[in-house]
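Input: a single structure, listed below in structure tokens.
The values are calculated or read from the model by the stated rules, or taken from the named source; none is laboratory data. The structure presented is a predicted model; accordingly, all values stated were derived computationally and were not measured. Every residue, glycine as well, gets a Cβ built from its backbone with ideal geometry; the counts of neighbours run over all protein chains shown. Quick note on the areas: whole protein, heavy atoms, side chains included, nothing else; ligands and nucleic acids left out. Shrake-Rupley method; radii C 1.70, N 1.55, O 1.52, S 1.80 Å.
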Amino acid sequence: MDGENETRAFARSLSALKQRGCNLLIAGPVRDGTHLELSRQLMGTADAESRWRLVVATDSYGVGTRCSETTDADTYRVIDHRPAMRSAAISANASSPLDVSALEREMLSAIDDFDVAAEGLSPGELRVCVDSLRPLVDMYGTNGIESFLDTVTERIGETNGMGHFHLPVELECEVVSELMPQFDILIELRPGKHRWHLTEDDILTDWLPV
């Protein structure tokens, strides 16, 4: 397949995935801002019509930069489980500082709220960012978060949304191959660039600027 046909095949496959809902795993130990810029692109511009955005933070920075400040507060929600935010809760509560079951409930509740408010989410309206999966993997292992990922990605798919989940590790790490069956697309990051692998159609793009 030549370059032009590959580009068309990629565009068709990605469009079909967006219509039916999809989930992306973003891998690569890149912390130069590339992952933030890509995340902003995936979340969409602030003036996009009928866009509902959920940001889940566990170890990230720049949470407030995922979407423009002009984003409607009613359609943009942040679930913040970063260590600084968890420290106060730890002293008052002896439970795990990062409870994957509680996080799952919060995410499902937010998505359900959006779905009700939108009177049914249309394809591509829901955008979800999880940054990152690393603390969950470190605490529970890949087997320990399998149910969480099954439930959350399924709910995103049911609403025809698009979720992207950051995993700041090298692509060759075993954890990437262990988690990939939960996702439709793998995006590999390098500083300033990225490439997409649509697993169902086995399409791999060239390196693209972010």
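Return the residues of the stretch 192-210 that are in a strand (DSSP E or B) and open to solvent by 80 Å² or more (accessible area, probe 1.4 Å); say none if nothing qualifies. Scanning the stretch 192-210 gives Leu204, Pro209.
Listed by first and then second residue, the pairs linking a residue in the stretch 180-206 that is touching a residue at least 12 places away in the same chain (Cβ under 8 Å) to a residue that is among the aromatic types (Phe, Trp, Tyr) and exposed (fewer than 14 other Cβ atoms within 10 Å of the Cβ), with Cβ atoms under 9 Å apart and 6 or more places separating them unless they lie on different chains, are Glu188/Trp207; Arg190/Trp207; Lys193/Trp207; His194/Trp207; Arg195/Trp207. Could you list, in sequence order, the residues of the stretch 176-191 that are in a helix (DSSP H, G or I) and open to solvent by less than 20 Å² (accessible area, probe 1.4 Å)? Within the stretch 176-191, Val176, Leu179 meet the criteria. Residues satisfying the criterion are present in the stretch 138-149 (criterion: open to solvent by 10 Å² or more (accessible area, probe 1.4 Å), of a type in the set (A, V, I, L, M) and more than 17 Å from Ala27 (Cβ to Cβ)). When Val100, Val116 are checked against the criterion of being over 19 Å from Cys22 (Cβ atoms), out of contact with any strand residue (DSSP E or B) (no Cβ under 8 Å at 6 or more places or on another chain) and without any contact (Cβ under 8 Å) to a residue 40 or more places away in the chain, Val116 stands alone in meeting it. When Val137 is tested against (1) in contact with a helix residue (DSSP H, G or I) (Cβ under 8 Å, 6 or more places away or on another chain); (2) assigned to a strand (DSSP E or B), only condition (2) is not met.
Please determine, by comparing only the residues of the stretch 1-39 that are in contact with a Ser or Thr (Cβ under 7 Å, 6 or more places away or on another chain) and not aliphatic (A, V, I, L, M), which one is modelled with the lowest pLDDT. Among those residues, the one meeting the criterion is Phe10.
For the stretch 150-175, the set of residues classified as in a helix (DSSP H, G or I) and either over 12 Å from Leu103 (Cβ atoms) or open to solvent by less than 10 Å² (accessible area, probe 1.4 Å) (or both) consists of Asp150, Val152, Thr153, Glu154, Arg155, Ile156, Gly157, Glu158, Glu174, Val175, listed by residue number.
Condition check ((1) modelled with pLDDT of 70 or more; (2) within 15 Å of the chain's Cα centre (by Cα); (3) under 16 Å from Leu133 (Cα atoms)) across all residues:
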| site | (1), (2), (3) |
| --- | --- |
| Asp47 | no, no, no |
| Arg66 | yes, yes, no |
| Asp72 | yes, no, no |
| Arg77 | yes, yes, no |
| Ala92 | no, no, no |
| Glu104 | yes, yes, yes |
| Met107 | yes, yes, yes |
| Ile111 | yes, yes, no |
| Glu119 | yes, no, no |
